[in-house]
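Comments concern the structure below.
The values are calculated or read from the model by the stated rules, or taken from the named source; none is laboratory data. Keep in mind it's a predicted model, so treat the numbers as computed, not measured. Here the Cβ positions follow ideal geometry from the backbone for every residue, glycine too, while neighbour counts run over all protein chains shown.
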């Protein structure tokens, strides 16, 4: 995943047509639209659980994307969800290994595994009608290589060679076990004719047209309120079944659940303790699914307080990961405890690591001569992180350490949490979804990549490189077991485990299985959703 910063600028006034869908003159529908736009209740305009506007699917998101979208560097959930609607990769690999070819017709490796030949589907067009060709593919990956080394193998970039307008060869510097997943996880294809020579990949969604090849195009954005998308007739996998999708910004979960019951929205990710109104209710459907997400706490080795490894070990011995996860998710049925940077459902996951099981006597002993006051940074609009932060604060208070909780909006959090030189905050809370192949997690720890955990070890760098350079599964398994042990032993990274996400949808929403549940985006292909 890639670093990004978003800026939230001034709000522009939007007209009532933002939420009127197909332009119905039905007064009840107009009342719903006005209430949705203004963030108010529709109580009195419809029965609870009633359907929303015709042809409009409204999904509550927990934060604003910010008006500046950068498809090359976006990595917050809301920005990535937006990019997923507007852009398409060559193909997508689902957790079960199924490949969904989107822009590409095929991707075939050579016998020696050093060249992958990609064929585009014929007749592809961008949302503005311009042809989508191999030039766009080469441009996208070459620009990605300028941004980071996430598409490098052994310190060398993957080289692209255009064969013809529909064909590109990806030439690998050495054998790479994760090549297929690497090539689809890092880059949705970008329009060369829009970005070449522009000097930036930032797009002001209030002022600029967003040209893409995804299932939808951006129709309008209102700061702090919503993003509205209309279907893209040029989408490679066929025109979407729903005319309009709206991502409505509702940061408060109580407000969101009321909006769902009142018919103002059609979908919402719910916390376990707020699901009761939807259980055994024929007006709604609950889907619990795993993203393979790992929730974690990390200690910042750049602060003066965290320089001593023994002190860091003491901090971890004060933790009770089950207590932290119960505080966040209410019930054990909604999470699995985890002890590694890999999610528990990953085939390479190992518990042969230092688990840092709670030992308060040892925690007090190891932290006795260290700092008695720490600062913890987290995303304030995330109720899960808020609950985790409060629990950690109480656990450290039990060993005589006071913790100042510093909640930030997501944009501010991203700015400080991914600044590897920041010395203001001792502890960060976070979570990530990285994919299936264990090499994709290298961007968390490898010093030449994003190094999002701020973990610097030449030995771990080399182990990740070795694990990706062999196709022998038994050898890879032993290498990644070693990586997991060494990361845990450094006492910087403390995983809590992996949780289920609960999606609540109104009964009128169909095609859920066809759209396929996936990490981060919720749906693999929103063009397959339908309204009954």
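Residue-wise test of (1) touching a strand residue (DSSP E or B) at 6+ places or on another chain (Cβ under 7 Å); (2) in the same structural domain as residue 68 (by TED's automatic domain parsing); (3) part of a loop (DSSP other than H, G, I, E, B); (4) over 21 Å from residue 480 (Cβ atoms).
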site	(1), (2), (3), (4)
414	no, no, no, yes
431	yes, no, no, no
440	no, no, no, no
443	no, no, no, no
448	no, no, yes, no
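For the stretch 350-372, which positions are over 17 Å from residue 325 (Cα atoms) and under 32 Å from the mean Cα position of the chain (by Cα)?
Hits for the stretch 350-372 are 350, 351, 352, 353, 354.
Take the residues in the stretch 453-472 that are surrounded by fewer than 20 Cβ atoms within 10 Å (Cβ to Cβ) and in a loop (DSSP other than H, G, I, E, B), then tell me which one is nearest to the chain's Cα centre (by Cα).
Result: 456.
The rows are residues; the columns are (1) in the same structural domain as residue 332 (by TED's automatic domain parsing); (2) crowded, with 20+ Cβ neighbours inside 10 Å; (3) more than 18 Å from the chain's Cα centre (by Cα).
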position	(1), (2), (3)
487	yes, yes, yes
491	yes, yes, yes
494	yes, yes, yes
512	no, no, yes
515	no, yes, no
520	no, no, no
525	no, yes, no
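For every residue, the table says whether it meets (1) part of a helix (DSSP H, G or I); (2) out of contact with any strand residue (DSSP E or B) (no Cβ under 7 Å at 6 or more places or on another chain).
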position	(1), (2)
58	no, no
74	no, yes
82	yes, no
88	no, yes
97	no, yes
118	no, no
139	yes, yes
142	yes, no
145	yes, no
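How many residues are in contact with a helix residue (DSSP H, G or I) (Cβ under 7 Å, 6 or more places away or on another chain), within 19 Å of residue 461 (Cβ to Cβ) and not in a loop (DSSP other than H, G, I, E, B) when one looks only at the stretch 474-514?
Matching residues across the stretch 474-514 total 8.
Among the residues of the stretch 332-351, is there at least one that is surrounded by 22 or more Cβ atoms within 10 Å (Cβ to Cβ) and either within 30 Å of residue 225 (Cα to Cα) or without any contact (Cβ under 8 Å) to a residue 60 or more places away in the chain (or both)?
Taking every residue of the stretch 332-351 in turn, none turns out to be surrounded by 22 or more Cβ atoms within 10 Å (Cβ to Cβ) and either within 30 Å of residue 225 (Cα to Cα) or without any contact (Cβ under 8 Å) to a residue 60 or more places away in the chain (or both).
Residue 366 passes all but one of (1) more than 20 Å from residue 455 (Cα to Cα); (2) assigned to a helix (DSSP H, G or I); (3) in contact with a strand residue (DSSP E or B) (Cβ under 8 Å, 6 or more places away or on another chain); which number fails?
Among (1) more than 20 Å from residue 455 (Cα to Cα); (2) assigned to a helix (DSSP H, G or I); (3) in contact with a strand residue (DSSP E or B) (Cβ under 8 Å, 6 or more places away or on another chain), the lone unmet condition for residue 366 is (3).
With 64, 26 as the choices, which residue is modelled with pLDDT under 95 and surrounded by 22 or more Cβ atoms within 10 Å (Cβ to Cβ)?
None of the other options fit; the residue is 64.
Residue-wise test of (1) at pLDDT below 95; (2) surrounded by fewer than 23 Cβ atoms within 10 Å (Cβ to Cβ); (3) over 23 Å from residue 520 (Cβ atoms); (4) outside the structural domain of residue 119 (by TED's automatic domain parsing).
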{"residue": "227", "(1), (2), (3), (4)": "no, no, no, yes"}
{"residue": "234", "(1), (2), (3), (4)": "no, yes, yes, yes"}
{"residue": "240", "(1), (2), (3), (4)": "no, no, no, yes"}
{"residue": "271", "(1), (2), (3), (4)": "yes, yes, no, yes"}
{"residue": "280", "(1), (2), (3), (4)": "yes, yes, yes, yes"}
{"residue": "286", "(1), (2), (3), (4)": "no, yes, no, yes"}
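Counting only residues that are touching a residue at least 40 places away in the same chain (Cβ under 8 Å) and in a helix (DSSP H, G or I), which one in the stretch 402-412 is nearest to residue 73 (Cα to Cα)?
Per the stated criteria, the residue is 411.
Condition first: more than 16 Å from residue 231 (Cβ to Cβ) and outside any loop (DSSP other than H, G, I, E, B). Now tell me which residues in the stretch 515-532 satisfy that.
Residues satisfying the conditions are 517, 518, 522.
Of the numbered conditions (1) touching a helix residue (DSSP H, G or I) at 6+ places or on another chain (Cβ under 9 Å); (2) under 30 Å from residue 417 (Cβ atoms); (3) crowded, with 21+ Cβ neighbours inside 10 Å, residue 70 fails exactly one; give the number of that condition.
(3)
Considering every residue within the stretch 491-513, establish whether at least one is out of contact with any strand residue (DSSP E or B) (no Cβ under 7 Å at 6 or more places or on another chain), under 26 Å from residue 214 (Cα atoms) and touching a residue at least 12 places away in the same chain (Cβ under 8 Å).
Taking every residue of the stretch 491-513 in turn, none turns out to be out of contact with any strand residue (DSSP E or B) (no Cβ under 7 Å at 6 or more places or on another chain), under 26 Å from residue 214 (Cα atoms) and touching a residue at least 12 places away in the same chain (Cβ under 8 Å).
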